[in-house]
1. Say R0 is 41 Å: what FRET efficiency, to the nearest 0.05, do B:Asp96 and B:Asp391 get from their beta-carbon distance?
2. Filter the DSSP H helices in chain A by two things, a Kyte-Doolittle mean of at least 1.6 and an axial alpha-carbon span of 30 angstrom or more, and list the hits by number.
3. Note the full-extension length gain between B:Thr128 and B:Leu235 as 0.36 nm times their separation in residues minus their Cα-Cα distance, in nm to one decimal.
4. For chain B, list the DSSP H helices whose alpha carbon atoms reach 24 Å or more along the long axis and whose average Kyte-Doolittle value is -0.5 or above?
5. Between the stretch B:93-108 and the stretch B:188-202, what is the separation of their alpha carbon centroids in Å?
6. Starting from the alpha-carbon convex hull of the stretch B:55-409, give the projected area averaged over all orientations, in nm².
7. Please give the net charge around B:Arg642, taking every other residue with its beta carbon less than 12 angstrom from that of B:Arg642, where Lys and Arg add +1 and Asp and Glu add -1.
8. In debye to the nearest 20, how big a dipole does chain A give about its Cα centre with +1 on each Lys and Arg Cβ and -1 on each Asp and Glu Cβ?
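Where a number appears in this text, it was derived from the coordinates with a stated rule and is not lab data. All of these numbers come straight from a predicted model, not from anything done at the bench. Reconstructed Cβ throughout: ideal geometry from the backbone, glycine too, with neighbour counts over all protein chains shown.
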Amino acid sequence: MNQSFIKKNRFIILVLALLLVLDMTSYSVARAQQATSYTYAEDEDGYWVRTQDAYLPYLTVTDLSLSGAEEMFIDANDILYIADTGNKRIILFDLNQGQVINEIKAPVMSSPRGVYVTKNGKIYVADTGAKAVLIFNNDLSFERAIYKPDSPMFADTNYEPKRIAVDDAGNIFLVGEGVYNGIIQLASTGEFLGYFAVNDANLTIAQRIQRALFTREQLANLIDANPTVFTNVFVDKDGIVYTATSGMNHNGMKKHATNGGNMFVDDVYSNPELIDVYVDNQGMIYTASVGGYISVYSKNGEEVFSFGSAVRTQDIAGLFTRLSSVAVDSKGYIWAMDATKGYIQGFKPTEYASLVYSAMNLYEEGHYEASMEKWNEVLKLNQMSVLAHNGVGKAYLHAENYEKAMEHFEVANNKGMYSEAFWEVRNDYIQDYLTAGLIIIVVLLIANAVLKGFDKKYGKYTALKGKVSEKLKNTKVIRDFYWAFKTNRKPFDHYYEIKKNRQGSLLGATSIYLVFFIVFMWYQAGKGFIYQYTDIEDMDITSIVAGFFAILILFIVGNYLVTSITDGDGTLKQVYMIPAYGLMPAMVSLIAVTLVSHVLTYNESFLLTLALMVGIAWSAVTIFIGLMTVHDYTFKETVKSFIITLAFMFIFAVVLIIISIMSESLFSFFGSIGKEVFWQ
Amino acid sequence: MKIKKTVKTALALALIAAFLFSAGNRTFAYIATGRDTKMPPVKSEAINGKTDDFNLIYENDKIAYYWRDDRDVLAIKDKETGYVMKTGADFPFANDIKDKIKKLKKQGVSDEELIAAAEDYAGDLNATYVGIANSFLTIEYFSSDKIKYISSASESGAFSELTKISDGKFKLAADFEEIEVSLNIYLDFTKNEIQITVPSEEIKGNGKKNIAAFDFCPFLGASGGVINRFNPVTLEYEKMDNYRVPGYVLVPDGSGALIRFNDNTAVFDSYIGDVYGKDYATETYYKSALYDDVPAKDPVMPVFGIAHGNGQMAFVSWADEGAEYMDIIVNHDGSKGASYTWAYPRFEKNVNFFQLYDEKGNGFFKQMDDIFDYDISLTYSFLFGDGSDGDYPADYVGMALEYREHLMENGVINEMKYRNEDIPIRLDFIMGDAEKGLFGTKQVVATTTDEVEEILSGISEGGIKNINSGLIGWQKKGESLNKPYEMNFTGSIGSKNDFKSLISKMADKGIDVSFAREAITINKKMAAYSGNAVKAISNWYVSVDKSEVLPAKPIISTFSYINPETAAKWVLKLNDKVSDFSKSLTLSGISNVLTSHYNRDGVVTSLTESLELYEKTLGGINQDLMLNLENPNQYLWKYTDRYLQMPVGGSQFIYENDSVPFLQLVLCGTMEMYAPYANFSFYTDDCVLRMIDYNLSPSFILSKAPSYVLSDSFYSYLYSTEYVLYEDKIYSIYNRINSILSEVSSMDWVGRTVPENDVVINSYKDGNTQKHIIINYTEKPVTYMGITVNAESAAVVK
């Protein structure tokens, strides 16, 4: 626009600008309602916890007379496009004006179920009835239809486009009715390019058989209400494809790389009834589930909020009878559709949500300091916000304030990032104290040598040591306990001593079991933060204790029973002792792992795994040799008796479960007879 | 040059006009949120309702009452303006009027006679619904497991007769032959009121046990509909839309909500306001569950009303007896196949419930053998004009003031004896609870007695003087594992002496600190159900599954309610123990939940008995202690000194167009009123303005420790309580509200108007002094009464 034009038309431009400003604020003025459902976020253990309201119910559009509409889309000018399936039209609703501004009707349109508008204003409609993709120009005139591709690869496949998205190159992504292979990808010309993303890996065998044999009606009538199928597809402003899949608790929402693979590294929680996915200009991802939940994710797939309720509406704003679509306008307002009631419900982000988003954006843009300030404000409103603790932690990490970062990552239970921060802290520590530590070690070594020299001369220490060890050796329990350290070094010889009742005792074995149990519990609960995967309060102590002893007792009893009918020599007492005297390597490795886990980061986790594996394998081999020696079995016989013992354990456990279920049923049977007699 | 300028100006003006036009259309598609009060309806033109076939039965200087015997319709006429409201739609049955016209045509009467005889008849109601629409009383009855309707004005199967007992007193004897029920309804006319009573013992007949409910005057004040109107030119009937009365229904949803008479495209479910909440003992199923939706608010008062036009005619209706069985029903235009908005009170007499006989869920539906036994007393009070004559105006404000006057006359509420100039603030503390430990449960500590003392003293020294505080979770291992009356202390929070010293030290500073207790919920870890929990009508203990709303691994997730007798007994015991410590007591649960109690022989405590028991019990306690009650039902208002967690707005039903402070208008000046905790999404500027608008004092819930210590406890929903985070907000919110409301703290709230959308003017009066508070919710300054109020702020006009 040249200067003189502006000068000449100042007045009009001013008025236009004024109108624009007025118009922009026109619906943000109205106040949102109170929340009608709670907002949840994931806590440090991945459980849902309540948080400040993120979105509040806002304007409702109830008078569009929609018929079976399921999908909508918002373009860059905040025009809402609704695929009004039953009325065979696409409605254009201007969100700023709050009114219908146009509609697309065409003879070819039969049951439009999906709609997508490209950057250049072309409107793509997925029409299951017409079995076609219908394309309209930005003046709403009909351009062309894309019917079933004639590629032989596509020959037998059903072609009823249900949902649609289009990338900048004009590639079309379709969710097809009854197509389970994946997202159908068509070139702009309509040529079949293949299946873009595939979900098949998650099908159970039964589901595969059903898919292969059943008709569509039968499939629809299956009891499994949430089959693993693609329910929606979306292309964001950068051309990235997103899909929604129902029937999955995790990773039902995917962000796809160009090869179709999932770009999210970590597991992403997703509602099994997922029906829609939408991405705003900032890359925030929104999903809707049929049950009535709307979730918001960061561009990396971290879940930010979830709100809504499974309660079917009583016409309360913000609750849905059947939520079918979600879309987001340029102001960040969410618009959601109730397919049964035909409502469009708006949601306005709260100050809290805006704060969270601005903190996330600042971090993304590299303004770590500023983002930390915002995150701290978020923490004021919700001290339990894992997102905020992670945000502050990351900002500290960037600022190289690793200890502060560790604090926040610990609250957020972010073990990976904690490990990174800890690595740095440990590194500093090692650098600071390495020299001092080495000096101390050298000094101690020298001192030791000197002392030993003295001792050689005077022999006081050796005498004392001899006395103490003599006394310990004479205490039977300690001697019997100590035997366990020997068995794993020469298992054949030392188990033979046990077989001959010359070494080891019941008391010794029992004390080993008890010590092992204590070590085991310590291992369960006492590892360093990075490696302690379950919190103590989340542990089911009863089942750990009961499980530990039940398995042990079952093994001993089972092995004794099995070996006594297969000519094993071992007595019950000996069978009781065999595992105990083989446990030492496992016990030592558990102690070592538990101790070392406090100073290791994830980079060295293989050390722990290795130590644990060696310890357990060593113990297993020792116990195996113990069984062989005590029962006087060949290798083959030992393997056989071992397998039969395992089978016995399994059968016995099953019998126990059956008995408990039977007795419960019997009890309730008599109970209900009593009640029936009373009520009839 | 000049011409060009004119063209440009014209173009600009046209653009502005286009914009304004489109702005005007804005409301067309959106249903704006029901959060605010919008401008009043326009004038109603439905003034002169015909009363030709009616008999005048009673009149005074203001109102004349007419009765139409064949249709059971009572007409109420404002003598000054002639505006008429009728208790029924006053429609002829279609067949009757069509036959009549046919006959007249056959007789060859003159056109004038034909036109005079040709009444409008309903275009979208069948004969049953015409009966209901006309009726003074409709009975809902069970026919097998289904509910059917029969009205006192039915085409057949029922007849009624109005007889005069004395001046202004009448008896309507109704005989519902078809269902073998007869009853007497007494009508008592006084000044602007009709009082309707139905004595329980006068309900007779073999079909009595089948009565499901009584619906009174279902079409009183209704609007909408399609009618057949006689065309004087063609002399034929033509179908057309009936006149849409501009107006609204007031429902006691939360603080009060207006459902305007709208034409709806969508089909809405009926509004059902169960007065005093659900009776969990007589629900269809004894089991229920909480989910992640915010539960809809239950009416705490048995009142509703309808207003026509802008200050023209309105009524407010309330129940003095039978309120505990009352539902307030609003059917919307477009629902039930008809285009009327109609509202009425429903009194439940019997229920359909599922009788289980085993744990697996086998059972059958049945109804009670004996109907609920209670008298009904229902009043309709009529309001006329805009209030300029000194009477209460015919709008929701007038309804509130009229109802307030009625409650005062009956001693349900009383003027507060002492009103402080500074408004009060409520600062509750969450002290502790239990969570799952390595073995069993372990104590969680959020705030100790010393910390409470430190915080309260700090705030008091900081300049806020009128403070009161409730202590929540003060027991060893929290309130869910202790019976309401149990006083087990733990040193980690504070010993008995610590609490004594805290409360007395604070009392010296003028801060009232009280123990808070939820006193209606029970779980099996707290006490055995036997003898303590509510048994439902099906003889099973009422059970509520809260696992969806509790943290992942709760100590217990199934709860029930304490039965009324035990609840009363336990609260009395608690009172005995508490009175050693404090001069006040904070109760929740028992203040808001009303249930009956059954055993296998039938009713043990009826809803009415339960209500009376709580009234008596809390009345007794209130003689010794101040009572701070959380959202109390109306029957406890007499004993409420502080109303905590007062609802602000309704349940956000889509069809609710406005939220109004009806409850606040009724109770202002009779007790201290507190808003919900500002911690949880109630801290924004908008919320502060709303507290000023609704005349509410702020409240906070605080802890010393960060709130994540509570994350595995029953209080996991208190996600933001740490004092240091709220210290500034407490002062800023309090000072903002106090600076306005302290100006009117000893005055009566007498008016509330909305001169433009999002601007509210509240009027307060004390003798001859009058003050106004202008609340500007908009994002631009506004000027009223000579005062400019900044965007999103409020000001007092003296």
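1. Taking R0 as 41 Å, the efficiency between B:Asp96 and B:Asp391 is 0.55.
2. Values: long enough: A:415-458 (56 Å, 0.37); A:541-565 (36 Å, 2.18); A:605-631 (39 Å, 1.90); A:635-679 (66 Å, 1.48).
Length and hydropathy pass: A:541-565, A:605-631.
3. Difference between extended and current length: 35.8 nm.
4. Helices meeting the criterion: B:2-29, B:723-741.
5. Taking the Cα centre of the stretch B:188-202 as reference, the centre of the stretch B:93-108 is 38 Å away.
6. On the way: hull surface 83.7 nm².
Mean orientational projected area (the stretch B:55-409, Cα hull): 20.9 nm².
7. -4
8. 2560 debye
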